[in-house]
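Reviewing the structure listed below.
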Amino acid sequence: MSSSIRFEHVARRFPGREAGAPPVTALDDLDLEVAAGELVTLVGPSGCGKSTLLDLVAGLSSPSSGRVLVDDREVTGPGLDRGVVFQQYALLPWRTARANVELGLEANGTPRRERAERAREYLDLVGLAGFERHYPHELSGGMTQRVAIARSLAFDPAVLLMDEPFAALDAQTRETLQDELLRIWGRTGKTILFITHGIDEAVYLGRRVAVLTARPGRVKGIVEVGDLPRGDPDTDVRSSPEFARARHRVWTSLRGETKRQGEHADRGARPVKAETQHDRTQEARVDQHA
């Protein structure tokens, strides 16, 4: 089961931090379509509204204008048709891996025996068979994030929303989980919208990469990546000419926005603070290639 996602002229504004300050426009006139069963990645400068966009699809926030639709139905709040995986693992420390996966199933009234069976099924899907009784503090970062993914999949959402889920992991674990995600996507056919600051990650995972402008965020362009031999342990797809061409197109588009953001800051506007250490690393990487 999967559903399409559509943004129609979406804007999101927030009140200014100080009394009398003008509102801050995070997104403005944003249009984007994600087909049912598609995996689309989204990149943009720090502070351009990527996480805000994901919150709108999740129903955790409402647009100031425009519409967000899932399967042609306007989003008006959270729902079990959408699963969310955040950068922070957000597991309950007093619950085992299995009990954490069962959380969403409890909310929709799934019987206890079926909850346990489905939790085991999805823990097995993410490669954690045998760790059902472990608590979060007994798991590595990569394993903990696998539990979070299993929890989001267990109640069978049509859409999976992922907000930099691998950003806090080391490079080797991150690449392993990228392959795991592609394997899970291939088996489930879910619609996935994946937010990232990493250009390589965006190109490796996405069949299409949407590039956002500097704030206020709009879709600057879509880079078509297509079918690369991802997930093949005998192929270094990141070294292929096809990957390099797609990466350069994304980098060029994104570089223009990071430069525009810097020029805006130089004119006296408050610079946007990088949200995570991963943000700063990516921004430095872009500067080194300029």
Original post:
In segment 156-204, what count of residues is obtained for those that are closer than 25 Å to residue 252 by Cβ, in contact with a strand residue (DSSP E or B) (Cβ under 7 Å, 6 or more places away or on another chain) and hydroxyl-bearing (Ser, Thr, Tyr)?
Top reply: 1
Original post:
Does any residue of segment 133-140 turn out to be within 28 Å of residue 43 (Cα to Cα) and either of a type in the set (A, V, I, L, M) or at pLDDT below 95 (or both)?
Top reply: yes
Original post:
Out of (1) in contact with a Gly (Cβ under 7 Å, 6 or more places away or on another chain); (2) farther than 22 Å from residue 59 by Cα, the odd one out for residue 203 is which?
Top reply: (1)
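Need at least 3 residues that are of a type in the set (A, V, I, L, M, F, W, C) and within 23 Å of residue 204 (Cα to Cα) per element, so show me which strands (runs of 3 or more DSSP E) inside segment 10-103 make the cut, counting only ones lying wholly within it. Quick ask: steps written out before the conclusion?
Working: elements: 24-34, 39-43, 65-70, 82-85.
Strands (runs of 3 or more DSSP E) meeting the threshold: 39-43.
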Original post:
Does residue 82 satisfy being basic (Lys, Arg) and out of contact with any strand residue (DSSP E or B) (no Cβ under 7 Å at 6 or more places or on another chain)?
Top reply: no
Subject >> Filter pass, residue 161 being of a type in the set (A, V, I, L, M) and buried (at least 21 other Cβ atoms within 10 Å of the Cβ) >> reply: yes
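For segment 43-55: of the residues being aliphatic (A, V, I, L, M) and surrounded by 24 or more Cβ atoms within 10 Å (Cβ to Cβ), which is farthest from residue 67 (Cα to Cα)? Talk me through it step by step, then tell me what you get.
If we filter segment 43-55 for residues that are aliphatic (A, V, I, L, M), which is where we start, we get 43, 53-54.
Checking the rest, the ones that are also surrounded by 24 or more Cβ atoms within 10 Å (Cβ to Cβ) come to 43, 53.
On the way: 43: 21, 53: 12 Å.
The residue in question is 43.
The values are calculated or read from the model by the stated rules, or taken from the named source; none is laboratory data. Please read these numbers as outputs of a predicted model, since none were measured by experiment. As a convention, Cβ positions derive from the backbone with ideal geometry for all residues, glycine included, and neighbour counts pool all protein chains shown.
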